[in-house]
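Structure first, then comments.
The values are calculated or read from the model by the stated rules, or taken from the named source; none is laboratory data. Predicted model only: the values in this text are computed from it and were never measured. Here the Cβ is made from the backbone with ideal geometry for all residues, glycine too, and neighbour counts use every protein chain on show. Remember, those area values only see protein heavy atoms, side chains included, never the ligands or the DNA or RNA. Shrake-Rupley method; radii C 1.70, N 1.55, O 1.52, S 1.80 Å.
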Amino acid sequence: MLRRISFWNRIIINRGLLILLAQGLISFLFDSDALGRLVFTETKGMQEHIRLKPEFNYLGPITTFNFQRQSFLVNLVNYPAEEASAPLDENGTAKGKRKLDPIATWVASTFVAPMNTDSPVFFQVSPLAKNVASFLGPSTIGSILNSLTRPAVRSQKSEAFPHFRKLLKQELQEIIENDPEFHNNLKIAAERSAKFQRQLDDILNKSHASNKQTPEYQSLRQKRDQYRYEKKYLSSFLNKLLDAWFFESFENLLQAKDYPDHIVERTLMALAWMNTRDQDKSQFISLYEKIPHLLLGDQFPHDRTWLKDSYTAKDYEEEVKKLLLMSKAKERPAYLLENPEKAAFLSHGYSYFDLLAIPEIRYRNITYHSKSQGLVSFTDCMETSVLAFLAILLKNPVTGLFDPNPLQEKLKQENLQMNPRLLEFIKDYPHLNALDTTL
C-alpha cells in the first residue's frame, strides 16, 4: 500500500523544487552556475529603480550580481584560454609554452582563486598593489565604463588604431588618477605598507643586516610590497585592460567566441560588486550615476529612499508562499522570469531563511585598526569556518534563528553548559543572514 504523504511533507518537497527552479532560472538568465557573495538582501529595489536601455542590460545590477561569482570567472583564472595563434610544429603540436589570450591575461591579473576548484566561494580580487584591481571602487569603475560605452568609442573598437588606443588609455588614466575613491584606497594601502616598513626597520635597527635573509624579514617585506603602489602599475593594468577590450573586436571574433559578449564590461561590473563595502548599497549604486546615458530616460533616479530597503526573512516566506499557491506549473517559472531580482533573492535566501537548509557563511578579507599595530588585514577563513559550524549546529529548525536552547537541553543532561560569552553573542545576533566575523 502506498504511504500517504502528509501536507507538510508536500510543502517541503514543493519548497525544495521551487528553490531548484529559481536556481536553474538564474543559470539560464545569467549564464551562471553559482551565485554572488555580496550581501544578497541589499539587492532589494534594484530591478525597479536601476533600469538600463535594452542594449545595455548586460550591465544591470541583478545580472552582474550573479555574474560576479559564477564559476566561469573562477575557471578562467585556473584554466585560462591560450592564444589560438601560438606556433605549431609539423605534427600540430605547440612549440614551447602558449601565451594566454588577452582576456585570460587580464582576468588572471585581476582576480585570484585556489587551484583545482571551480567553486566561487574563495574567489577574490587580487590584493597585490601591482595589479591595481583592489583600488578600483564602484564609482571609479563607473567612470571607466562611461568611457568604454560612449558611441564614439565603441564605433572605433574594431579598428584598434594605435593613435586611438593611445588617446583612450590617456583618458582612462586621467579618470582613475583623478577619482577620489581611487585616492582614498591608495591612502589606505600606503598606511599598510608604511606599517610593514617600520617593522622591517626595527628588525635592522635591533640586529645586523644579515637578518634580511631571515623568514620573518622576508615575510614582512612581502607584505610591504603587497601594498606598495607605483604609478607604472596603473599603466600596466590599462594595457592589459585595453588588450582584452580590443580582443573582443570584430577582427578577433573567431578567437574570442568562447567568451560572453562584452566580457570586459561584465568583468568590470563583477569587480565593482566585489569591491563594494558590505551592506553599502549606495556605494555600489554610485556606479550608475557615472553612466546615465545607459539608463532609461538618460538620468539617474532622484528617489533614493529605496536604498534603505533590504530583504528579510518575512520577504522570503511571503515569496515562497506566493509561489506555492500558484496552481499551474507554468505560472511559477513565468513569475521568476519576470522578476529576476526575486529569483536571485530566493536562491540566495534559501540557505539562510529556509527552516530546513544548512546555513552558508562565506569567507572574505578583513581589515581593522589595531591600537598597537595600526591597520591589520587578514583572510577570515578559519574564523568563518568556526562561525559556520556554530550556525549549522545551533540553527533552530522551527524559527530558523541562531538559538542555543535545543542544544543546551542536551548539554544539561551531560552536566555541561555553554560559554556565557557565546550565549551573549547568540542573543545579540540571532539572524543567520547577518552573521560575519566582524561582529
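In this structure, is Arg421 part of a helix (DSSP H, G or I), at pLDDT 80 or above and farther than 30 Å from His49 by Cβ? Give the derivation first.
On the way: part of a helix (DSSP H, G or I): yes; at pLDDT 80 or above: yes; farther than 30 Å from His49 by Cβ: yes.
For Arg421, the condition - part of a helix (DSSP H, G or I), at pLDDT 80 or above and farther than 30 Å from His49 by Cβ - is met.
Residue pairs whose Cβ atoms lie under 9 Å apart, sitting 6 or more positions apart in sequence or on different chains, and linking a residue in region 133-158 that is on the phi > 0 side of the Ramachandran plot to a partner that is modelled with pLDDT under 95 and of a type in the set (Val, Ile, Thr), do not occur here. Each residue in region 208-234 was checked for being modelled with pLDDT under 90, surrounded by 12 or more Cβ atoms within 10 Å (Cβ to Cβ) and not in a helix (DSSP H, G or I), and 1 of them qualify.
Could you tell me whether any residue of region 38-55 is at pLDDT below 70 and of a type in the set (Asp, Glu)? Break it down stepwise before answering.
In the first step, residues of region 38-55 are kept if they are at pLDDT below 70; the result is 38.
Adding the requirement that they be of a type in the set (Asp, Glu) leaves none.
No, the conditions are met nowhere in region 38-55.
Restricting region 194-207 to residues that are closer than 29 Å to Arg277 by Cα and of a type outside the set (S, T, N, Q), the residue that is most open to solvent (accessible area, probe 1.4 Å) is Arg198.
Would you call Glu191 open to solvent by less than 80 Å² (accessible area, probe 1.4 Å) and over 25 Å from Thr384 (Cα atoms)?
On the way: open to solvent by less than 80 Å² (accessible area, probe 1.4 Å): no; over 25 Å from Thr384 (Cα atoms): yes.
Answer is no for this residue.
Taking the criterion of being surrounded by 13 or more Cβ atoms within 10 Å (Cβ to Cβ), of a type in the set (Val, Ile, Thr) and modelled with pLDDT of 95 or more, would at least one residue in region 148-160 satisfy it? Scanning region 148-160 turns up no residue that is surrounded by 13 or more Cβ atoms within 10 Å (Cβ to Cβ), of a type in the set (Val, Ile, Thr) and modelled with pLDDT of 95 or more. Of the residues making up region 256-278, one or more are hydrophobic (A, V, I, L, M, F, W, C) and more than 21 Å from the chain's Cα centre (by Cα). Evaluated against (1) touching a Phe, Trp or Tyr at 6+ places or on another chain (Cβ under 8 Å); (2) at pLDDT 90 or above; (3) closer than 30 Å to Gly45 by Cα, Gln68 falls short on exactly one condition, (2). Scanning region 239-256 for residues that are closer than 20 Å to Val112 by Cβ and open to solvent by less than 40 Å² (accessible area, probe 1.4 Å), we see that the one that is modelled with the lowest pLDDT is Ala244. Summed over region 345-378, residues that are modelled with pLDDT under 70, out of contact with any Phe, Trp or Tyr (no Cβ under 7 Å at 6 or more places or on another chain) and of a type in the set (A, V, I, L, M) total 1.
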